[in-house]
Amino acid sequence: MEAFYIRDLKIEKPVVQGGMGVGISLSGLASAVANEGGIGVISSAFIGLLEDDFSTDFQNANNRALTNEIRKAKSATSGVIGLNVMAALTNYKEIMNIAVDEGVDILFIGAGLPTDVPNQIGMKKFNTSGVKIVPIVSSGLAAKIILRKWDRNFNMIPDAFVVEGPLAGGHLGFKKEDLDKDDFSLEKLIPQVLSEIKPFAEKYGREIPLIAGGGIYTGRDIYNVFKLGVKAVQMGTRFVATHECDATDEFKNEYIKCTKDNIVIIQSPVGLPGRAIKNRFLKEIEEGHAKKVTCPWVCLKSCDAKKAQYCIGKALANAKQGDLEYGFAFCGANAYRIDKIISVKELFAELEEDYQKAKSE
């Protein structure tokens, strides 16, 4: 696999480790991936939930946890570190500014259209920081809207894009009824997004690399999407099953134990479908047994805590720490294929070998 560039930033291995919350991809996993030449990504989603004082001082707990994880990652690697940010978070602006102040290389922004990032950060800080902005989209239309607004309002464009298909894990940018339709497959989405990117790349005289994610599992998968014109891939599920992943062994074992039939689409309290491993917690929710919701701070703009059956942030935080009785694990569509935990180094070697084999055939 060859290196690629996001503007002046060289990435030796064209693999982006997907940002996985709550607490699944923190400094441990991100720095390990960066040390192998890929892009290691910390998830900022509900990161303060892992602090002891979250329920009494959300803002400071969140800011402290975020700052600490970025600093730990940067001290453990000289490679590329990114931060995954959900635009739907109510402290979206604050998260981005902390990330820029702490020297994160790339901001991957999903769960909304990041049309106003330069203003959110502040134009002077944004222009001098060197931070790269990579929106995560699930359609060509979303990419088009972002590109047009950046072009019109700021006379600039994002540095790259991630297109995330319907086989991804966690919250999904599709309607539930569209997830299995061929028209929404990653293979159909890639050329649509590339066609929207092309005129803006030509206008600004530079490449806008496209990164593809959602259901990519092997080196052969990587080779196949590269043939469609993408420059890198985003992978999440494979990195959960590594020793360096920041989740507990109990969480990782959910992946090892799960079967294809255990992987289900749920309706999240925040109004989006999500892919997860079915367990007793989710079964009880499905049967209408709501959990007590205590909301110290509204994390997501779309969440109505008064109507929610459970707090998804707390459920995911519980799962991260191995308490699957009061939580559940998000996963990608291929999680059932995992049968063992390996190191990040071993995973990169496996992907490279499989990629080269596919390329030589």
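This ranking places ASP339, ASP159 by how few other beta-carbon atoms lie within 10 Å of each, fewest first, which gives ASP339, ASP159.
The HN-Hα couplings worked out from phi for the range 283-289 by the Karplus form 6.51 cos²θ - 1.76 cosθ + 1.60 (θ = phi - 60°) are 5, 5, 4, 4, 7, x, 8 Hz, whole numbers, x standing for Gly and Pro. Of the residues GLU102, GLU350, the one with the fewest other Cβ atoms within 10 Å heads the list, and the complete ranking is GLU350, GLU102.
Among the listed pairs LYS149/LYS198; LYS175/LYS320; LYS181/LYS357; LYS198/LYS359, give every one whose C-alpha distance is greater than 21 Å. Checking Cα-Cα distances, LYS175/LYS320; LYS181/LYS357; LYS198/LYS359 exceed 21 Å.
What ranking do MET96, MET20, MET156 get, fewest neighbouring Cβ atoms within 10 angstrom at the top? Provide the component values of the computation, followed by the final result.
Values: MET96 25, MET20 30, MET156 13.
Final ranking by Cβ density, sparse to dense: MET156, MET96, MET20.
Restricting the calculation to alpha carbons of the range 40-87 gives Rg and Dmax of 11.4, 36 angstrom. 3J(HN,Hα) couplings calculated from phi for the range 338-352 with the Karplus curve 6.51 cos²θ - 1.76 cosθ + 1.60 (θ = phi - 60°) are, in sequence order, 7, 10, 7, 9, 10, 7, 4, 4, 5, 5, 4, 5, 5, 5, 5 Hz; Gly and Pro show x. Relative contact order, whole percent, for the chain stands at 18, derived from Cα pairs under 8 Å and 6 or more residues apart. I'd like the antiparallel share, as a percent to the nearest 5, of DSSP beta bridges with both residues in the chain. So the antiparallel bridges amount to about 30 percent of the total.
Could you tell me the distance between the Cα centroids of the range 168-199 and the range 48-68, to the nearest Å? Taking the Cα centre of the range 48-68 as reference, the centre of the range 168-199 is 34 Å away.
Just add up the charged neighbours of ALA3: K/R +1, D/E -1, any other residue whose Cβ is under 11 Å from the Cβ of ALA3.
Numbers: positive: LYS10, LYS13, LYS231; negative: GLU2, GLU12.
Net charge around ALA3: +1.
Counting only other residues whose beta carbon sits under 12 Å from that of ALA329, what net charge do I get with K and R as +1, D and E as -1? Present the calculation step by step, with values, prior to reporting the outcome.
Working: positive: LYS252, LYS257, ARG275, LYS278, LYS320; negative: GLU250, GLU254, ASP323.
That sum, taken over residues with Cβ under 12 Å, equals +2.
Under a GNM of the chain (C-alpha, springs under 10 Å), which listed residue has the highest mean-square fluctuation: ILE121, ILE136, ILE106? So, out of ILE121, ILE136, ILE106, the one fluctuating most is ILE121. Using alpha carbons only, how many angstrom separate the centre of the range 263-280 from the centre of the range 106-147? Computed from Cα coordinates, the inter-centre distance equals 27 Å.
Of ALA349, ALA319, ALA45, the residue with the greatest mean-square motion in the GNM of the chain, using alpha carbon springs below 10 Å, is ALA349. Between VAL33, VAL225, VAL16, find the one with the highest GNM mean-square fluctuation for the chain; connect C-alpha pairs within less than 10 Å. Of VAL33, VAL225, VAL16, the Gaussian network model singles out VAL225 as fluctuating most.
Every read-out reported here was derived from the displayed coordinates using simple, explicitly stated rules and does not represent laboratory data. Only a predicted model underlies this, so the values are computations on that prediction, with no experimental measurement involved. Glycine also receives a Cβ, built like all others from the backbone with ideal geometry; neighbour counts cover every protein chain displayed.
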